[in-house]
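K.L.:
The structure's right below; bear with me while I get my questions together.
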Amino acid sequence: MWRPLLVVAVVALAGCSGLLASGESSVEEGDLTPAPVPEPTATSVELPRENGSVDLERVIDRHEAALAERSFHRHVEREGPQNTRDIWIDRDGGVVRIRQTFGPLTDDAIVADGVVYRSVRDDPERDYVTDESDGRLPYVFSASGAPRLRQVLDAEDYDRIGTVRRDGRPLAVVASNDTDVPLSGADPNQSVAVRSRLYVDGQGVIRYVEHRERRKDGTEIELRMRVRTGIDRVPIPWWAEDAGIYG
């Protein structure tokens, strides 16, 4: 389980001597490197607030609602590029693909027209198997990732620290950077140092998440997410080329 998909996993971040990075570089569409620290500034991106802080629960609710009718690609890295999850949704075509990797292992599935196609490992006789869809998506709890965001981000107070612009759109930057944050539902003597940032657009979509934790017992956790909306169609992998997904 994630947190102790988004699994939040116990990791030792290679080369990481502490939770806080010494510097940040820009976020490009093909990677998940941290974006620059924004300058506090006025913006048209509105965020819900409660008790003086950003209302993170409502931010995540808005993210979930914003993606409910959109085609999109969501990419998640858990503790590094060898543990990932991708979901592509083509709302118009009615096609969904979910791919997860863990080290050298990859699970890949496509849902279309009420059928689930799953890739098959190490079988020279067939590339995939099919089952009738029960309406649930393989390998993920939700398309938007909202339930896992709530699990991972629920312990901290988040504040708006400014605005950046990416791909022609302003993104509100919401951050938490704190130590001795208590773990909910855990040993009261256990706590974490947190460095967390979310980048939210004017439609409510959380475009990027960069989250790191370090617990007193030395456990370190890293989660990164990127969302790109408006995709034309789901990329069909080699193993499903003869399945006629798009006719």
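K.L.:
How much FRET efficiency would the formula 1/(1 + (r/R0)^6) give for Arg126 and Phe102, where r is the Cβ-Cβ distance and R0 is 22 Å, rounded to 0.05?
P.N.:
Working: r = 23 Å, r/R0 = 1.03.
According to the calculation, E is roughly 0.45.
K.L.:
Let me ask something else about it. Using Cα pairs closer than 8 Å and at least 6 residues apart in sequence, work out the relative contact order for the range 72-111, in percent. All intermediate terms of the calculation are to be shown ahead of the outcome.
P.N.:
Working: 70 pairs, mean separation 12.3, N = 40.
After rounding, I find 31 percent.
K.L.:
Could you sort 238-246, 90-98 so that the peptide with the highest average Cβ count within 10 Å comes first and the rest follow in order?
P.N.:
90-98, 238-246
K.L.:
Translational diffusion coefficient, Stokes-Einstein: compute it for the range 66-152 using the Kirkwood radius over C-alpha pairs as Rh, at 4 °C and 1.567 mPa s, and state it as an integer in µm² s⁻¹. Don't skip to the end; give the middle numbers.
P.N.:
On the way: Rh = 14.0 Å.
It comes out at roughly 93 µm²/s.
K.L.:
So for the pair Gln203, Asn51, with labels modelled 7 Å out along Cα→Cβ, what separation do we get in nm?
P.N.:
With each label placed 7 Å out from Cα toward Cβ, I get 3.3 nm.
K.L.:
Need the full-extension length gain, Glu241 to Arg136, defined as separation in residues times 0.36 nm minus the C-alpha distance. One decimal, nm. Write out the running numbers ahead of the final one.
P.N.:
Values: separation 105, 0.36 × 105 = 37.80 nm, distance 2.30 nm.
Gain on stretching Glu241 to Arg136: 35.5 nm.
Each reported figure results from applying straightforward, stated rules to the coordinates on display, with no laboratory input. Bear in mind the structure is a predicted one, so any value in this text is a computation, not a measurement. Cβ: placed from backbone, ideal geometry, glycine included. Neighbour counts: every protein chain shown.
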